[in-house]
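The values are calculated or read from the model by the stated rules, or taken from the named source; none is laboratory data. Note that the structure is a prediction, hence the values are computed from the model and not measured. Don't worry about glycine lacking a Cβ; one is built from the backbone with ideal geometry, like all the others, and counts go over all protein chains shown. Calculation scope for accessible area: heavy atoms of the full protein, side chains included, ligands and nucleic acids excluded. Shrake-Rupley method; radii C 1.70, N 1.55, O 1.52, S 1.80 Å.
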Amino acid sequence: MRLRHWPANPAIALLTASALLSGCGGNGEKDQIRDAVCNRVNDLFASQMGCNATPAKPVVSIDVFGARGQTLIARVSTGTCTETPKIAWSNSSGQSLGTDLTLEDSTPDSKLTISATCGTGSATQTLAANSVSTAGAAFAVLQNGKVYLWGSPEWGGAYTPVESISNISKIIATERGFAALLADNNVMSWGPDAITIEKPADATSGESPKATGALQNLKDIQSGYNAFFATRQDGSFVAWGNLYSVSQDDYFPLNHAQLGLTAEQITALSNFRSVAFTESAYALIAADGTVQSFGEADSGGNSYKIGSQKLRRVAGNRYDFVAQTEDGNMVGWGSGYSSPLYTSSGTQLSNVSSFVLNGYSGAAIDSNAKAQAFGSSAYIESADSSAVAAQLSDVKSIVASEYSFAALKKDGTVVHWGDSPRMQASFDAVKSKLTQVIRLFANDQAFVALKSDGTVVSWGDAEKGGDSSAVSADLKNVLTITGNQYAFAALRSDGSVVSWGMQSKGGNSSSVKARLANVRAIYGTAFGGFLAVTKSGDYVTWGDAWAGGDSSRVSGKLTAIPYYAQ
């Protein structure tokens, strides 16, 4: 059919074309007429003719869940776009950090940006830098140079001198207190008397000075159990706090003649890299990778067996230090370890990619994803994994309680060993449910598994979170879990929270349930306080008031804790 003249009015053209199409024969002739009409009709009639109008731009949105410094989970909506969205995480310098929906947040002190692109649609979301710090029984929130404190006053939950200043650049937490690095590179710290420094002169005055030197011109601070270790602007080292002696049941300053740092160690620790601690000793990796340790020898205070080996990482449990050398081997020193480290079967640990410690033993994953336990197996059950050795292949990660371990395999199943009297029966009861697990969580006495469908499985000490059956109906669409030593709190995809475990330590959040909406992050103190931050920056606390479960002390002063950058 040949088309000579088309009506100028699009509406009449549409009617004419429809009549022609109804009388057409083959599809080719219909396509010719449709194409001709599409060149004449406006957008109002284009869709009625099946014309190829420009598609609407997909509406893409991003929401993020998780506390800064932990695992972040992005939820992306792509609207009408059917493609797989492209994800990009980057830090404040624009450096790429990852392209998955989840990210292990290694840069919590700076803003973090995530972008998602799907077809022609895109969205960006920027997370605020972390402002929450936790001691064992107190919270500290830093905003605009001021700090807001609550929880146990003896453990850092109150200190008027620091709360009255507004030139704080960073907060560093120990288990027993906090330190504030000031804008003028000086420091103020509080908690137990041994770490409390209001003025620089407090550090070096008296017959038994709290610090090994002047606390001025500081560049960076790291924490120990009840001590702080700092690098000055010129790279020199200084420390303050105390050291507990198990054998003498007493505390001593870090410059104690027998147990403390020597002058040679202080010099060697210029620009030190990291610190670890046991009950009665500290170990620091120097800039050249060698280790300097001090304290009671039976708790790791003497590392002469390690010599000048270069270490990549060091960690401590109750009485021993364990370190990974730069060539992937494992060494240890203290009460029950020797160097190098061997498994209970007599195999030397080598080619280790990661390791984790519980209170008394350790478990390592090698480069072939095989896991093995180590430690003094004659005394500690969890140091011997021979009973489950055949199952410990293709291991993805390991978490620890005080006396046992749980390994997550790449196929989503879980292997557990150690602490049989407390753990074995409850693990056996849920073992068949431990499939399609994506993450494991633990406190001192219990474990929690998060499955890919958003459900949760727990085992261990029932009172401390090992039994979640009372809230199992609510444990759906869970994204992440936060724990303290007594309880757990699960964050769901709708922003609601479910908690269980010891009621007085945060296991019961019913009193604040109505306020636990649109939550994006949960923080916990070790001894029983929880803090939830919402999408809009509102915050909610519950649990043991002594341990930070009651934030009324800062009510009216701290108005919000931003999750997203303003």
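List of remarks:
- Here segment 441-554 exposes an accessible surface that is 44 percent carbon and sulfur, computed with a 1.4 Å probe and the other protein chains kept in place.
- A helix-only calculation puts the chain at -2500 deg cm²/dmol for mean residue ellipticity at 222 nm, using -39500 (n - 2.57) for each DSSP H run of at least four residues, averaged over all residues.
- Given K513/K535; K57/K86; K146/K557; K451/K513; K111/K557, the pairs whose alpha carbons are separated by over 18 Å: K451/K513; K111/K557
- Per the Debye formula on identical point scatterers at the alpha carbon atoms of segment 481-522, with no solvent, log10 I(q)/I(0) at q = 0.14, 0.24 Å⁻¹ is -0.26, -0.75.
- Highest-first arrangement of 109-121, 89-101, 486-498, 183-195, where packing means the average Cβ count within 10 Å: 486-498, 183-195, 109-121, 89-101
- Cα-centred dipole magnitude for segment 246-300, charges only on beta-carbon of K, R (+1) and D, E (-1), debye, nearest 20: 280 debye
- Net length available on complete extension from N217 to A287 is 23.3 nm, with 0.36 nm assigned per residue and the Cα-Cα distance removed.
- Burial order of peptide ranges 256-267, 456-467 (average beta-carbon count within 10 Å, highest first): 456-467, 256-267
- Structure-derived mean projected area of the Cα convex hull in nm² - corresponding label in [x] 34.8; [y] 50.7; [z] 37.3: [x]
- Projecting the Cα atoms of A532, A203, L479 onto the charge dipole of the chain (Cβ charges, centred on the Cα centre) puts L479 farthest toward the positive pole.
- Cβ-defined net charge surrounding T71, 9 Å radius [Lys, Arg +1; Asp, Glu -1]: -1
- Percent carbon-and-sulfur accessible area, segment 128-267, ignoring ligands, DNA and RNA, probe 1.4 Å: 45 percent
- A simple charge model with +1 on the Cβ of Lys and Arg, -1 on the Cβ of Asp and Glu and nothing else charged puts the dipole of the chain at about 2240 debye relative to its Cα centre.
- Length released on extending from I165 to D193, taking residue separation times 0.36 nm less the Cα-Cα span: 8.1 nm
- Using the Cβ of S401 as centre and a radius below 11 Å, the other residues enclosed give a net charge of -2, where K and R count +1 and D and E count -1.
- Only protein atoms count toward the accessible area here, which uses a 1.4 Å probe; on segment 279-431, the carbon and sulfur part of that area reaches 44 percent.
- Counting Lys and Arg as +1 and Asp and Glu as -1 over every other residue whose Cβ lies under 10 Å from the Cβ of W417, the net charge comes to -3.
- Accessible area per residue for the chain, computed on protein heavy atoms with a 1.4 Å probe, is 44 Å².
- Segment D250-N518, extension gain: residue separation times 0.36 nm, minus the distance between their alpha carbons: 91.8 nm
- Furthest towards positive pole of dipole, T134, Y244, Y337, structure part the chain, Cβ charges: T134
- Rounded Å value of the spacing that divides the Cα centres of segment 304-327 and segment 454-514: 36 Å
- Net dipole in debye of segment 288-430 [+1 Lys, Arg Cβ; -1 Asp, Glu Cβ; about Cα centre; nearest 20]: 260 debye
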